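First the structure, in the form of structure tokens, and then the observations on it.
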Amino acid sequence: MTYKPKILEVAAGGTGDATLTNHGVLVGQGTSAVAVTAAGTALQVLQSGGASADPVYSTATYPATNTTGDLIYSSGTNTYSNLPISTIPGSNLEYNGTNASWFDPRQETIFFDDFISPNAQSMHNWSATTSNAGAVAGQTGQNSGHPGVIQLSTGTNTNGGAATTTGSTIILGGGAITVIWVINISAASDGTDTFSVLCGMSDAAGASLNPNNGVYFKYTSTGTTPNWNIVCRGGSSEVSQDSGIAISTGTFTTLRIDINAAATSVAFSINGVTANNSPLSSHIPTLVIGLYNSILKSAGNTARTNQYDMVYMYQKLTSAR
């Protein structure tokens, strides 16, 4: 007598699941039935859902191919793309104001000064100007958190002042610009010792001159309105607005100016907080300006000082040169 084994048929081809979606993925669940993960969309990837969950397809999509040296980066919300390797040797990966990119010296200008120098006038060839016993000094006021500091002082004379500038080198409108200053004002202006502070970009040539053109923060007070003002000045006329943010004395403050590519809007922020009335959209200068800061006394005989820890400027040119 020959024994013939009986073949047991298992439903759904042994998978235990008869409703598998076209191109779906089967997921094991130990000795019990299996779960089914529906097919994802094109260029999604299957990802672990963790020890207690089924795998799931990513929301983000990824490039199907890439070439040597490409970087995969987020080019949009839930979209990853290839960033081709730079064609310029030595180019660094950076944020260009919009997204990740490779630095291109033909289309970008970067200026940074940490004021690491004993001679304030020689740092990046700054032009330093003083009036009525004002002074500019390097290596003054630095501490463990603020290396490289320069100081501008009014001196003890009424109308004393000091200023530093890179000179007038930039015309707005050729690409977006960001300027950041880190500044410490020693004491507030008041009815006895009154002074003004300008910090940003302008064409001012000296400590005793108001700019004809510029975009900058301005502080001046007799003790009643100790707030920063935000200013756009073009052709000797200006718009000046109260930022709503009071100055801080004896501590470093970050002042930031963002000018759009067409120079039709200038935004201001202080320690990351957007200034009231920002952005400004009128009286934006069309003539050449540069980085500038100053302090100028108008009353009193007590010396007042500003300290600067760093300055940074970045411009992404609209068209490569």
Output the number of residues of region 267-278 satisfying the condition of being crowded, with 18+ Cβ neighbours inside 10 Å and either assigned to a loop (DSSP other than H, G, I, E, B) or not aliphatic (A, V, I, L, M) (or both).
-> 4
Report, by residue number, each residue of region 129-151 that is within 21 Å of Leu291 (Cα to Cα) and either open to solvent by 30 Å² or more (accessible area, probe 1.4 Å) or within 22 Å of the chain's Cα centre (by Cα) (or both).
-> Thr129, Thr130, Ala135, Ala137, Gln139, Thr140, His146, Pro147, Gly148, Val149, Gln151
When region 242-264 is examined, which residues are found to be closer than 19 Å to Asn277 by Cα and either in contact with a helix residue (DSSP H, G or I) (Cβ under 9 Å, 6 or more places away or on another chain) or crowded, with 17+ Cβ neighbours inside 10 Å (or both)?
-> Ser243, Ile245, Ile247, Leu255, Arg256, Ile257, Asp258, Ile259, Asn260, Ala263
So how many residues does region 130-146 have that are on the phi > 0 side of the Ramachandran plot and part of a strand (DSSP E or B)?
-> 0
Tell me, yes or no, whether region 258-266 has at least one residue that is outside any strand (DSSP E or B), in contact (Cβ under 8 Å) with a residue 40 or more places away in the chain and among the polar types (S, T, N, Q).
-> yes
So which of Ser236, Ser298 ends up being in contact with a strand residue (DSSP E or B) (Cβ under 8 Å, 6 or more places away or on another chain) and open to solvent by 50 Å² or more (accessible area, probe 1.4 Å)?
-> Ser298
Considering only residues that are polar (S, T, N, Q) and out of contact with any Asp or Glu (no Cβ under 8 Å at 6 or more places or on another chain), look in region 18-45 and name the one that is modelled with the highest pLDDT.
-> Gln44
Yes or no: Gly155 within 28 Å of Thr192 (Cα to Cα), in contact (Cβ under 8 Å) with a residue 40 or more places away in the chain and among the small types (Gly, Ala, Ser)?
-> yes
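Residue under question is Asp203, and the condition is that it be open to solvent by 10 Å² or more (accessible area, probe 1.4 Å), farther than 25 Å from Gly155 by Cβ, among the charged types (D, E, K, R) and touching a strand residue (DSSP E or B) at 6+ places or on another chain (Cβ under 9 Å); does it hold?
Here the answer is no, as Asp203 does not meet what is asked.
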Given (1) assigned to a loop (DSSP other than H, G, I, E, B); (2) in contact (Cβ under 8 Å) with a residue 40 or more places away in the chain; (3) open to solvent by less than 70 Å² (accessible area, probe 1.4 Å), index of the condition Arg106 fails = (3)
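Matching residues to (1) under 21 Å from Val231 (Cβ atoms); (2) part of a loop (DSSP other than H, G, I, E, B); (3) polar (S, T, N, Q):
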{"site": "Ser101", "(1), (2), (3)": "no, no, yes"}
{"site": "Phe115", "(1), (2), (3)": "no, yes, no"}
{"site": "Ala128", "(1), (2), (3)": "no, no, no"}
{"site": "Gly155", "(1), (2), (3)": "no, yes, no"}
{"site": "Ile180", "(1), (2), (3)": "yes, no, no"}
{"site": "Ala188", "(1), (2), (3)": "yes, yes, no"}
{"site": "Gly200", "(1), (2), (3)": "yes, no, no"}
Residues (more than 19 Å from Asn213 (Cβ to Cβ), of a type in the set (Ser, Thr, Tyr) and more than 13 Å from the chain's Cα centre (by Cα)) located in region 235-273 = Ser243, Ser248, Thr249, Thr251, Thr253
Taking Thr129 as the residue in question, decide whether it is β-branched (Val, Ile, Thr) and either in contact with a helix residue (DSSP H, G or I) (Cβ under 9 Å, 6 or more places away or on another chain) or within 20 Å of Thr254 (Cβ to Cβ) (or both).
-> no
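Here's a check for you: in region 279-289, which residue that is open to solvent by 70 Å² or more (accessible area, probe 1.4 Å) and not β-branched (Val, Ile, Thr) is nearest to the chain's Cα centre (by Cα)?
In this case the residue turns out to be Pro279.
Yes or no: Lys316 under 20 Å from the mean Cα position of the chain (by Cα), among the basic types (Lys, Arg), buried (at least 16 other Cβ atoms within 10 Å of the Cβ) and part of a strand (DSSP E or B)?
Judged against the criteria, Lys316 is a match.
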Check whether at least one residue in region 82-92 is in contact with a strand residue (DSSP E or B) (Cβ under 9 Å, 6 or more places away or on another chain), surrounded by 15 or more Cβ atoms within 10 Å (Cβ to Cβ) and within 26 Å of Thr178 (Cβ to Cβ), and report yes or no.
-> yes
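The values are calculated or read from the model by the stated rules, or taken from the named source; none is laboratory data. Please read these numbers as outputs of a predicted model, since none were measured by experiment. As a convention, Cβ positions derive from the backbone with ideal geometry for all residues, glycine included, and neighbour counts pool all protein chains shown. Note: areas computed on protein heavy atoms with side chains; ligands, DNA, RNA excluded. Shrake-Rupley method; radii C 1.70, N 1.55, O 1.52, S 1.80 Å.
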